[in-house]
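*Asks:* What follows is a single structure, and I will ask about it in a moment.
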Amino acid sequence: MVGTTLPTPMYALYSERMHFDVLTTTVIYATYASGVLFALLAFGRWSDAVGRRPMLVAGAAFAVGSAVAFLVADSVPLLLVGRVLSGLSAGIFTGTATAAVIEAAPPNWRSRAAAVATVVNVGGLGGGPLLAGVLVQYAPAPLHLAFIVHIVMVLLAVAAVLLVPETSERVGHLGIQRLSLPAEVRPIFIIAAIAAFAGFAVTGLYASVAPAFLSDIVGIENHAIAGVIASSIFLASAVAQVFAGRIAPHRAVVLGCVILVGGMAILAAALYFSSLTGLIAAAVVGGIGQGISFSRGLAAVAEKTPPEQRAEVSSTYFVVAYVAISLPVVGEGLVAQHWGLRTAGITFAIAVAVLAMVCLVAIVLRENRQAASAGI
C-alpha cells in the first residue's frame, strides 16, 4: 500500500520537468482509482477460488510494474500507466490481504485481526508520502530512489507470502464481483455513503494537492514536509479507525461528520492565512473524522445487510469511496486552473463541509421518522 501514495511528494518535480499544471496532477493521481475499481470488481472474488497466495503475488507484480513505470517515466502517459498499475495492485490487496490476515490469525486474535489489517492498509497509505518525501528531499536520485526502495520492499513481501501457508479453502468461483443494494439497506447506505464520499474526497485532496498547497500557498518548498502533511491524514485515519470500534455505528458516523466539518473549517482558514500549522492540523482532524465515519459507516451498513449479500454491498460501498477519492480532486484541478489554487482549496473545503452537514441532517431526519413510526 505504500506504493500507492509514494509519488505524492514528487508531483511538483514531475510538473516542473514535464511542464504540466495542477489539473494534470489531479488527473494523474485520480487515474489510480480506475485501477482500484477495476481490480475490486474484476478480481474481487478470485482469491476465494484460486487462493490468497496467487492473488497476493499478482498484486505484488502490479506494484513492481508500477514502480518500474515511474522509474522510466519521461512523459505524462507513462505516469498514468504507473498510476493504473498501482491501482490494480491496491485493488487486489484491499480485499485479498485483509481476508488473508483475518484467516491466518490465531483464534484469540480473530477479533483484532480486522483492525490490524485496517491499520496496515491505511498506515501504508500514510507511510508512502512520508518515505518518499524524506528520500526526495535528503537523498540522491529524487525521482528514482523511492521506487527502488519500494521494489525491494515488495520483493521481501513476496518472499513472505511464499513462505506462509495458504489460508483460503478455495471454495469460490471466478467471476465479476456483483454490486448490490437491497431495499432494507438503502436508507442507512445513503447516509453512510455520503459520509464516506466526503471523507475520501479529503484524503484524495491531500494525497494529490498537498505539496502544491505547501509550495504555492504557504511558500515552503520542502518535499519532506509535503510528505508529512500528506501522510498525516492517513495515519490519523488509521488510529481513529482502531478506537472507533468502541462507538455505536450511527453515533460514530455523526461524530465523524462533525469532526470532518471542523477539519474543513481549519483547512479553509489555513489556506486563507497561508498557515503550515493549519494545513497539518486540518489533515489530522480531517483524517480522524474520515476514519471514524468511514469505518463505522461500513459497520452500520453491514448490520442491516443480509449475510449472503454483504460482499456485494461492501463492494458497492468501496466503489463510492474510490469515486470520491478521484473525481472531486479533478474538479479541484479544474477550479484551480480558472480561479487559482487558494480559491479552489477553500471552495473544496466548504463543499466537503456542506456534504458532511447534509449527512448530519439526513441522520436527524431518519431518527425522527423512526421515532414517529414507533409512536414516540
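*Asks:* With springs connecting C-alpha atoms under 10 Å apart, model the chain as a Gaussian network and identify which of Leu271, Leu365, Leu174 has the largest mean-square fluctuation.
*Replies:* Leu365
*Asks:* Would you compute, from DSSP H runs of 4+ residues alone, the mean residue ellipticity of the chain at 222 nm, taking -39500 (n - 2.57) per run and dividing by the full residue count, rounded to the nearest 500?
*Replies:* That calculation yields -27500 deg cm²/dmol at 222 nm.
*Asks:* Rounded to whole Hz and in sequence order, give me ³J(HN,Hα) for the stretch 341-357 from the Karplus expression 6.51 cos²θ - 1.76 cosθ + 1.60, θ = phi - 60°, writing x for Gly and Pro.
*Replies:* Each residue of the stretch 341-357 in turn: 5, 4, 5, 4, x, 5, 4, 4, 4, 5, 4, 5, 4, 4, 5, 5, 5 Hz.
*Asks:* Kindly write out, for the stretch 63-80 in residue order, the coupling ³J(HN,Hα) from the Karplus curve 6.51 cos²θ - 1.76 cosθ + 1.60 (θ = phi - 60°), rounded to whole Hz, with x marking Gly and Pro.
*Replies:* 5, 5, x, 5, 4, 5, 4, 6, 4, 9, 4, 10, 7, 4, x, 5, 5, 5
*Asks:* Still on this structure, please answer the following. Just the C-alpha atoms of the stretch 59-212: what Rg/Rh do they give, with Rh taken as the Kirkwood radius? Each step should come with its number before you reach the end.
*Replies:* Values: Rg = 18.4 Å, Rh = 18.3 Å.
Rounded to two decimals, Rg/Rh equals 1.00.
*Asks:* When each pair of different Cα atoms in the chain is counted once in the 1/r mean, what is the Kirkwood radius in angstroms, to one decimal?
*Replies:* 20.9
*Asks:* Ok, one more. Provide Thr26, Thr343 in ascending order of the number of other Cβ atoms located within 10 Å of each residue's Cβ, fewest first.
*Replies:* Values: Thr26 27, Thr343 14.
Listing Thr26, Thr343 from fewest to most nearby Cβ atoms yields Thr343, Thr26.
*Asks:* Here's another thing I want to ask about it. Along Cα→Cβ, 7 Å out, is where each label goes; now give me the distance between the ones at Leu163 and Glu103 in nm to one decimal.
*Replies:* For Leu163 paired with Glu103, the spin-label model returns 2.1 nm.
*Asks:* Determine which residues of the stretch 323-357 fall in the zone a paramagnetic label at Arg366 would reach in this model, i.e. backbone nitrogen under 17 Å from the point 7 Å along Cα→Cβ.
*Replies:* Label zone hits: 355-357.
Each reported figure results from applying straightforward, stated rules to the coordinates on display, with no laboratory input. If you're wondering where the values come from, they're calculated on a predicted model, not measured in any experiment. As a convention, Cβ positions derive from the backbone with ideal geometry for all residues, glycine included, and neighbour counts pool all protein chains shown.
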